[in-house]
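Comments concern the structure below.
The values are calculated or read from the model by the stated rules, or taken from the named source; none is laboratory data. Worth saying up front: this structure is predicted, and the values here are computed from it rather than measured. Please note: Cβ atoms are built from the backbone with ideal geometry, for glycine as well, and neighbour counts cover all protein chains shown.
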Amino acid sequence: MIFNISILTFAETTNKDNKTITDGEWNEKGFKSNWRNPTPQADYVVRVGDIDNFGVGWKWTSQNFFGDNFEEIDPFSGKSTTGHYWGSGYDRNDNFKWEVINTNEPNGLDRIITVSGYGVKPNTSGIGADGYSNRMSRIGNTLQKAPKVTPRDVNGTININHNIRSILQESSTEKGGFQIKYAMLQMFVDDFQPNAGGAVAGGAIYQVKFIDDDLRETRIPELEDLINHLNQTGPVGKLISFEIPSRYLDLLRNNNDLKINIDDPETGAGDGYAVDFVKLLINPKELVHEGSITGRVTDKNSNPIEKAYVEVNGRWKTFTDKNGTYKIDNVVSGLASVKSYKAGEYKEQTKPTDIVDKETKILNFELEHIYNLNNLVDLDKKVGNNLGKDGEEEYEVTLDIKKNNKNENNGTLNLKDCVIEDEIADEFIIKSDSYKAVEFKNSKPREVKVEMEQSGNILKCNFNNTGDNDGISISYKIKRANNEIKPGRYPTSRKPAVLEYSAINDGNIRQKVQFPQVEVSLLEGIPNELISLQRNIKGQSNNISQGKEFEVEYTINPQPIPVNKIENTNNKEITLVIDTSGSMEEKINGKSKLNIMKDVAKNFVGKFEKDSKVDIALIEYNNEARSLYSFDKLSKSRIDKNEKLTEGNIDEIAKHFNVIIRYDKANGYYYLYINNQYKQVYKVSDIINESINATIDSLSANGSTNIGDGLRRAYYMQQSDSDTDKYIIIMTDGKSESYSVNNNNNFMIQNGTPYKTYSTIYYSNGRIYDYREKSRIYANTVAENLLGKSAIKTFVVGFGEGANTSNQEIANSAKGSYFDTLNEEQIKEIYNKIAKVVEANVSAEISFDETIPGAQYIEAVTREDGKHVVGNNSEWLTINEDRITGSLKNINYTKQGDYFVAEPIKFSLKFKGKESCNLDKAVAKYTVNKNSKDKSEEKSFNKLPINITKTNNIIKQGIFVKDNKTNNYILGGTESVENKIKTNSINIVRTIKQSIGIMIKVNTSDINIEIEIDTENKDLKLDDKGSKLNVHEINDGVISKEPVFTKLCKLNKITNNDFVGKDINGKDFTFETGKTYIIEYIFVTDIKESNSISLVQIINKVKIDGIEKGKLKIDVKGLPKLE
């Protein structure tokens, strides 16, 4: 019998002990969330039954739990309860009862259910019954058996009244609408003992059925498998979490109730069970209770199995590594059915286990090898990389024969009378001189001779006794037969190659085994030269003064690629993300930016009207992002967009797109009802375009700008078929001013609805509640961590003068492209260009490697066309001493006539010269990406000789102080490299001698020095009486105590002539190359009495080799003249 439960919507009230945000009050008999306000756990939650462990509760008392190992649990943690009493007086207590007449509990819950086959089907030998099936009730003081409740009774089937069909109808006219992408069922179950588990000899085999509103039944084998792995002897309770497979989701969409029937009508086993509550989650997001599972997959000899498949509850999947190890995180807590196998090699094994919140479960598998008549050997066929050019392909084919280590009864490769026959495909010819055979013994290769014969395209290889070898490999080369073959993937053989052999220990039996087929690519027309390269020094010759900056320009010119030489086969998904913040109401030439964008977007959509391989989705964003038109509304079976509407197909098409189509039979016209009006349509593409355009026309502007949330929504909308090329085009008229967070107040980068958004607020009095910096960081975080790590091609379009340069940074983080537009014509042109990029579906990337042995790297310069900012950061360049490496991605091609073309890539690097060198180690590797079939070319830039000319330089200058204890030193000066400058103002006593010093490094023998000292104040008089010029030599950092040259000179100007001839001590002097000197000149200041405390300046100018190298200003405060 089938029974229904009507579930009311329960308001959430405060209960600190038994209340969660997604489950409501635990003691209520049911709960529904508000589908318009998604919870952190799911978009919509429906629970049937109270959460009370069948009235036993979750805390231990002597009347409800037995055993000494009691642990109080959270029912959602995945842990099983401690064994509890059965109730109804059977175990000498009356703390709780399971009476059928208890009408306070929803049907199918909080009562013992006995399978319908027990007592009806003939007992099979050994089949018994558990305590629930033999349960008792107390009437007065007498124990009696309680009436049976089976899943066929009205009160034995669970019913979830979810109202989803009504919700979908109600939300169909709203933006975004309510959608079902995933669904999960959670059940807290008790005392299931199927498959000879626990106390039931023989064991029940459960069937699970979902029943719709019209009482149609659907078997759910995945849930049956999960329940049939339970063993709840005790009895104990535990949680089951089951993701409903997508093929059953229409049972939710098309109905308002879901009835669940769990029964064993066949075996006759006496298994009773109970269910405490059932919970349905629509589009589950952040499940609070999650654990991990890890382990190893091996064969029976404990050898690890690499690439074995591991699956948990049909949802969480992975493969083992080379050590046979696997790990899966974030598995929802509860009973899990875990299976592992390796297709074609190892049989499937399934094990149940409990996933416990915040714990890691260890579960190992020992798989059985699949044996057949051919189990003596393992065969493999491999093809190496293309040894020739595109259009002249050449491949080496290898046939491997190895002993089967997985067969414990098998020893070495003991074969005899072996014949290999391989019939080569017509697209290839065999290179007759390329045969080779290698045998392996103890894994060591040794080339051997075998008999090879060729007849046309048939190759035969004969060899006799393989002895105790581990294996043998036969290889040969094939090349493309001609250039007329179309590009594509081709098998190397007409049919699978065959090995025929006898076993040494049983020569009477001949066996035939097939090698696997392999395919290779035959390409055509991709030019051998993909790029041309050029570099030069910008704006100057190759002669660079030492220490001077110079800029090297690099140009990479992609070469045109013939259109007919590239095969574009992938489907494409484009997500248009449109800014609808309040500023989009601003006008450009009398037209609002939003209306301009609507026209641009509709024009863009129209360009793909007839392309059945292109799907377009739509997202708007302001304070947060919303999906307006998703890929869910499009045909995953790829309905032909050009299919014409007929009387026979309009019902199916209308249902698929959830629209109304009216057929005017009298005139033969078809009309789509949209936006409260009928529009004439002719084919499927008209329906798609009208639907998207109507959505675009409905956009309105308000709120702030949350670029990060727009990118996040777009990213998760694109998570579908991996063989689909994906594009995101996001338009913004400003900079990020909002950001989204999850319920932990961290940046929201997960899928789902944000817990909260923060938006910058501008007050009328000029105050700003400013979240702009955090919003910028959020947008970059989303771009870098989601889009930047995916294969999605991202285009960021800035529209209007408000578009901020930070949007370029966002594009860089997403490894995408950025475009600036100011008016309607420009943005139309950009979207037309992007449409051509999508149409071409060809892109490229560049890796760059430069070594500069004689220069110091300074900075990277913006690309000339502004498409890529190649700044000094890890996204672009990595610097290691004199080596610079980096990469540029998303170099997009567009179709122009018969060719795909891409714009030149230009960028510059700034350096500072250290020594002469040749720039001859710059390499660019250019890869054209074509539907995962890549073509690469590595090429060197032209040599660029750099001649670094050495110059004489000032090291520092300033007031020169004599200190006999610590050596002389220099104070002050803009060129100073020491931290001895205490002040720029110096107190000078009138008529007392002062010294200015200039430290220079002499690098050339023909140094030319000019020193000029002057004052900007006429009250400061420089007395040149007794002025002296000294030259001090520095050796090993120590200044000579006595000058190496001394001469009287005029104060206002010193030239090379002052260093010529003998000094006052009769010594000759010449500056020596490579040495460091301090030139000291001594002067006397005289400040007029009337101005004795004024602040005046001495200005010192120095020219070396005709170039002004330094200018020193010294502030002087005159003190009274000493008597």
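Test of understanding: among Ile578, Ile574, Ile639, which residue is modelled with pLDDT under 95 and in a strand (DSSP E or B)?
It is Ile574.
Checking Lys756 against (1) crowded, with 16+ Cβ neighbours inside 10 Å; (2) in contact with a Ser or Thr (Cβ under 9 Å, 6 or more places away or on another chain), which test does it fail?
(1)
Out of Phe54, Phe66, which single residue is at pLDDT below 85 and surrounded by fewer than 19 Cβ atoms within 10 Å (Cβ to Cβ)?
On inspection, the qualifying residue turns out to be Phe66.
Tell me, which residue of the stretch 411-440 that is under 12 Å from Asp470 (Cβ atoms) and either of a type in the set (S, T, N, Q) or touching a Pro at 6+ places or on another chain (Cβ under 7 Å) (or both) is modelled with the lowest pLDDT?
Within the stretch 411-440, the match that is modelled with the lowest pLDDT is Thr412.
Residues in the stretch 656-673: is at least one part of a strand (DSSP E or B), in contact with a Lys or Arg (Cβ under 8 Å, 6 or more places away or on another chain) and among the acidic types (Asp, Glu)?
no
Residue-wise test of (1) in contact with a strand residue (DSSP E or B) (Cβ under 6 Å, 6 or more places away or on another chain); (2) in the same structural domain as Lys815 (by TED's automatic domain parsing); (3) within 23 Å of Ile827 (Cβ to Cβ).
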| position | (1), (2), (3) |
| --- | --- |
| Val605 | yes, yes, yes |
| Ser612 | no, yes, no |
| Arg626 | yes, yes, yes |
| Phe657 | no, no, no |
| Tyr663 | yes, no, no |
| Asn667 | no, no, no |
| Leu672 | yes, no, no |
| Ser700 | no, yes, yes |
| Asp709 | yes, yes, yes |
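With within 32 Å of the chain's Cα centre (by Cα), touching a residue at least 40 places away in the same chain (Cβ under 8 Å) and in a loop (DSSP other than H, G, I, E, B) as the only criterion, which of Thr695, Thr705 stands out?
None of the other options fit; the residue is Thr705.
Of (1) under 26 Å from Ile180 (Cα atoms); (2) not assigned by TED's automatic domain parsing to the domain that holds Asp579, Gln677 satisfies all except one. Which?
All conditions pass for Gln677, except number (1).
Determine whether the stretch 548-564 contains at least one residue that is on the phi < 0 side of the Ramachandran plot, in the same structural domain as Ala701 (by TED's automatic domain parsing), under 30 Å from the mean Cα position of the chain (by Cα) and surrounded by 15 or more Cβ atoms within 10 Å (Cβ to Cβ).
Looking for residues that are on the phi < 0 side of the Ramachandran plot, in the same structural domain as Ala701 (by TED's automatic domain parsing), under 30 Å from the mean Cα position of the chain (by Cα) and surrounded by 15 or more Cβ atoms within 10 Å (Cβ to Cβ), one finds none in the stretch 548-564, hence no.
Given (1) in contact (Cβ under 8 Å) with a residue 24 or more places away in the chain; (2) more than 23 Å from Asp709 (Cα to Cα); (3) surrounded by fewer than 21 Cβ atoms within 10 Å (Cβ to Cβ), where does Phe608 come up short, assuming only one miss?
Failed condition: (3).
Listed here are the residues, each with its yes/no results for (1) modelled with pLDDT under 60; (2) among the polar types (S, T, N, Q).
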site	(1), (2)
Lys97	yes, no
Val100	yes, no
Thr103	no, yes
Gly108	no, no
Tyr118	no, no
Thr142	yes, yes
Thr157	no, yes
Phe178	no, no
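Filter the stretch 710-750 down to the residues that are among the acidic types (Asp, Glu), surrounded by fewer than 24 Cβ atoms within 10 Å (Cβ to Cβ) and not in a strand (DSSP E or B) and list them by number.
Asp721, Asp723
For the stretch 675-692, how many residues meet the condition of being of a type outside the set (Phe, Trp, Tyr) and part of a loop (DSSP other than H, G, I, E, B)?
2
With the stretch 199-309 as the region, which strands (runs of 3 or more DSSP E) entirely inside it contain at least 1 residues that are buried (at least 17 other Cβ atoms within 10 Å of the Cβ) and either more than 32 Å from the chain's Cα centre (by Cα) or among the hydroxyl-bearing types (Ser, Thr, Tyr) (or both)?
Result: 207-211, 237-243, 257-263, 272-284, 290-298.
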